[in-house]
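A short worksheet on the structure shown next.
The values are calculated or read from the model by the stated rules, or taken from the named source; none is laboratory data. Everything numeric in this text was worked out from a predicted model, so none of it was measured. Using ideal geometry, Cβ is built from the backbone for each residue, glycine included, and neighbour counts are taken over all protein chains shown. In case anyone asks, the SASA skips ligands and DNA or RNA and just uses the protein heavy atoms, side chains included. Shrake-Rupley method; radii C 1.70, N 1.55, O 1.52, S 1.80 Å.
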Amino acid sequence: MEKEYIHIILADDDEDDRLFFTDAFDELKINTKVQTFINGVELMNYLNEENSILPNVLFLDLNMPKKNGIECLLEIKENERFNDIAIAIYSTSSSEEHIEETFVNGANIYIKKPNDFATLKKILSDVVTLNWQYHTSGLNKDNFLLRM
Amino acid sequence: MTIFKIHKSPLFIRIVFVLAVFLMLLVSALTYRHVESIHLSSEAIEHTYKVSIEIEDLYSNIKNLEIERRNFLLTHNEKLPQIILASKAKIFLNLERITKLTEDNKEQAKLSNEIQNLLTQKFKIVDDALVRFDSFSPTELKKNLLEGRIVMEKISIVIQKMLSIERRLLMKRDETSNSLTNSTPQIIFIILFSTIAIITLAFVKINRDLDEMRESKGLLEQTQKIAEDRNRELEASNKELQAFNYVASHDLQEPLRKIQTFISRLIDKDLQSLSSNGQQYLLKIQDSTERMRSLIDDLLQFSRANRSEKVFEKTNFNILLENSKQDLAQVIETKKATIISNNLPETNAIPFQIQQLFTNLINNSLKYSREDVAPIIKIHSSLIENNEDKISKNEKTKHYKITFEDNGIGFDNEYAEKIFVLFNRLHNKEEYSGTGIGLSICKKIVDNHKGYIFAKGDPDKGAIFTIYFPIESENDI
């Protein structure tokens, strides 16, 4: 039976950002189920559980204690079980190094956290409704960084 | 001081060296001559002795002969003729030797000739005596004896003369030899002194030179160390500043973002429930945070342009231009702007910086456009060969010249250089937003690429920004 909703997970250590995120999805008209984790360790523990429901889209913050975004990215990419998860990097930084590193290690898209709520809603809406196969077929750094 | 300068020149040293060698050779030659003279002198003395001895020997033999003749005449001893013959032979030998020895002395030669003649006479008398001795009458005997004695006396006189000549020669030669010997210590002293003098001078000069070199080396090392220390200090301080700049801008972004997002949520949800003052204040807060964000973004950009690790790679400027246009897509659409460009070069550059450069320039043209006039931005690239625009000092440098021309509000050319100064603005924030950092970033980026950027403004007509990129190697074209 096909899922009717899109399953989304966010890993972010910042309480406010998690709040914005869930509120944004609450206000969007898309059918979504949103889970949040406060750091990389909690995230990986959940994903590695046998019966866990894997997300369609995973939003990864880069700067987290205990296990950061890059480490999670590497672990996820190593496990074939997670091949169908679209990974969106969701970070405050827009430095060349971070963009480069996450692109090279297999992230699907890079999002810089916006400054206002309306923009956030638009971004999230665009990202989760993206046709991922079409988007990632040309592995191209130009498409990688989400431009608004 | 000039004399010292001459002392230092390498040519001077070479001349001195040649002179020293020459002096040593001269001294050696003189010494050799002196030794030779001593040698010759002693040989001469030896010669005199030889001659004297030979003459004495001759005289002795002649005297013996005379005694044997008289003896024979008296005793008629049969053994004597043989002995007389032997004596004659000896005398012949003596004469031969004396003739040879006195070849060099005219006087002696003459005298030895005389002796020879006298001896011939003597031998005649002797032979006479030998042959006719038993037929001699008493008068003949007396005559023979007398003649013999007369010749003998003559011979004696000549012999004495010869001997005295040799004695005189001997005295003279002795004198010469003595004077030579006496002057030898003086000569030795001269040699010793000159050698020691030359060596001492050389030593003193070398020592002085070495001391000078050591001093210079010490000074050089000191200066180097000071330069190194200062360099290290500057590097450390620079690194600190860069780190501070970057971290400050970066870390300030986080709380600012929160402020902005929460304010935007507040405005979205609860603006209506505030009083009209409250609403106004909230909107002003939002404006301020927007300006703050702008400032932090620009500072971050500036610190990125400043970073020391600058990686050059082959970059297609056309692609970067497209990226910039995409970044500014919204503003371009809102202002209905047109951007026209010809084919931009592909060359060695730092991609993210060039993109920043384009974005900043285009952004400026869009921002400072004329009211009610749609901005038209023309970007044109050309190749400048042989330094036609007189940009660099090197005649051979080639450049890419890229111009950004717009039809905006322009500016007074008086400020053409000032606008690149950090935080410098030509308008206040109510007229046009801005931080005064954008063009400084542009200039820093162009500097990083060892290029040049110039601005030209025409108030109410527009502005042109010209950038020159030097082409490093032939591979670029």
So if I check each of B:Ser308, B:Ser341, which one is hydroxyl-bearing (Ser, Thr, Tyr) and either modelled with pLDDT of 90 or more or over 30 Å from B:Phe244 (Cβ atoms) (or both)?
B:Ser341
Quick one: is A:Leu19 free of Cβ contacts under 8 Å to residues at least 40 places away in the same chain, open to solvent by less than 50 Å² (accessible area, probe 1.4 Å), of a type in the set (A, V, I, L, M) and not in a loop (DSSP other than H, G, I, E, B)?
no
How many residues are farther than 11 Å from A:Ala24 by Cβ, hydrophobic (A, V, I, L, M, F, W, C) and without any contact (Cβ under 8 Å) to a residue 40 or more places away in the chain if we restrict to the range A:98-121?
2
What tally of residues in the range A:77-101 results from selecting those that are touching a Phe, Trp or Tyr at 6+ places or on another chain (Cβ under 9 Å) and modelled with pLDDT of 90 or more?
6
So for the range A:71-89 (the condition being among the polar types (S, T, N, Q) and in contact with a Leu (Cβ under 6 Å, 6 or more places away or on another chain)), does at least one residue qualify?
no
Is it the case that some residue within the range A:31-46 is open to solvent by 40 Å² or more (accessible area, probe 1.4 Å) and within 16 Å of A:Ile111 (Cα to Cα)?
no
The range B:227-239, subset polar (S, T, N, Q) and surrounded by fewer than 12 Cβ atoms within 10 Å (Cβ to Cβ), residue farthest from the other protein chains (Cβ to nearest Cβ):
B:Asn231
Can you confirm whether the range B:263-278 contains a residue that is under 24 Å from B:Lys444 (Cβ atoms), more than 12 Å from chain A (Cβ to nearest Cβ) and either out of contact with any Leu (no Cβ under 9 Å at 6 or more places or on another chain) or of a type in the set (Gly, Ala, Ser) (or both)?
no
Test result for B:Asn113, out of contact with any Cys (no Cβ under 9 Å at 6 or more places or on another chain) and outside any helix (DSSP H, G or I):
no
Checked the range B:150-193 for anything open to solvent by 80 Å² or more (accessible area, probe 1.4 Å) and in contact with an Asp or Glu (Cβ under 9 Å, 6 or more places away or on another chain); matches are B:Lys154, B:Lys161
Since B:Pro375 meets every condition but one in (1) in contact (Cβ under 8 Å) with a residue 24 or more places away in the chain; (2) within 24 Å of B:Ala305 (Cα to Cα), which condition does it not meet?
(2)
What pairs can you find where one residue is in the range B:432-460 and free of Cβ contacts under 8 Å to residues at least 40 places away in the same chain, the other is assigned to a loop (DSSP other than H, G, I, E, B) and of a type outside the set (A, V, I, L, M), and their Cβ atoms are less than 6 Å apart, with a gap of 6+ or different chains?
B:Gly436/B:Phe423; B:Gly436/B:Asn424; B:Gly436/B:Arg425
Apart from one, (1) of a type outside the set (S, T, N, Q); (2) closer than 24 Å to B:Ser440 by Cα; (3) more than 14 Å from every other protein chain (Cβ to nearest Cβ) all hold for B:Leu295; the odd one out is (3)
In the range A:87-103, which residues are of a type in the set (D, E, K, R) and within 14 Å of chain B (Cβ to nearest Cβ)?
A:Glu96, A:Glu97, A:Glu100
In the range B:128-139, is there at least one residue being more than 19 Å from B:Ser87 (Cα to Cα), open to solvent by less than 40 Å² (accessible area, probe 1.4 Å) and in contact (Cβ under 8 Å) with a residue 60 or more places away in the chain?
yes
Which listed residue, of B:Gln301, B:Gln242, B:Gln253, is modelled with pLDDT under 90, more than 13 Å from every other protein chain (Cβ to nearest Cβ) and open to solvent by less than 50 Å² (accessible area, probe 1.4 Å):
B:Gln242
Which one of these is of a type outside the set (Gly, Ala, Ser), in a helix (DSSP H, G or I), in contact with a helix residue (DSSP H, G or I) (Cβ under 8 Å, 6 or more places away or on another chain) and open to solvent by less than 80 Å² (accessible area, probe 1.4 Å): B:Glu147, B:Glu56, B:Glu107, B:Glu36?
B:Glu147
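Table: residues versus (1) open to solvent by less than 60 Å² (accessible area, probe 1.4 Å); (2) more than 12 Å from the chain's Cα centre (by Cα); (3) more than 14 Å from chain B (Cβ to nearest Cβ); (4) at pLDDT 90 or above.
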residue: A:Glu75; (1), (2), (3), (4): no, yes, yes, yes
residue: A:Asn105; (1), (2), (3), (4): yes, yes, yes, yes
residue: A:Leu120; (1), (2), (3), (4): yes, yes, no, yes
residue: A:Leu124; (1), (2), (3), (4): yes, no, no, yes
Answer from A:Ala11, A:Ala24 - the residue that is open to solvent by less than 80 Å² (accessible area, probe 1.4 Å) and within 13 Å of the chain's Cα centre (by Cα):
A:Ala11
Please note which strands (runs of 3 or more DSSP E) are completely contained in the range B:306-369 and include at least 3 residues that are more than 14 Å from chain A (Cβ to nearest Cβ) and either open to solvent by 40 Å² or more (accessible area, probe 1.4 Å) or under 21 Å from B:Lys401 (Cβ atoms) (or both).
B:338-341, B:346-349
Checking B:Phe203 against (1) open to solvent by 80 Å² or more (accessible area, probe 1.4 Å); (2) more than 14 Å from chain A (Cβ to nearest Cβ); (3) modelled with pLDDT under 85, only one condition comes out false. Which one?
(3)
Could you go through the range A:57-67 and let me know if any residue there is out of contact with any strand residue (DSSP E or B) (no Cβ under 9 Å at 6 or more places or on another chain), buried (at least 18 other Cβ atoms within 10 Å of the Cβ) and of a type in the set (A, V, I, L, M).
no
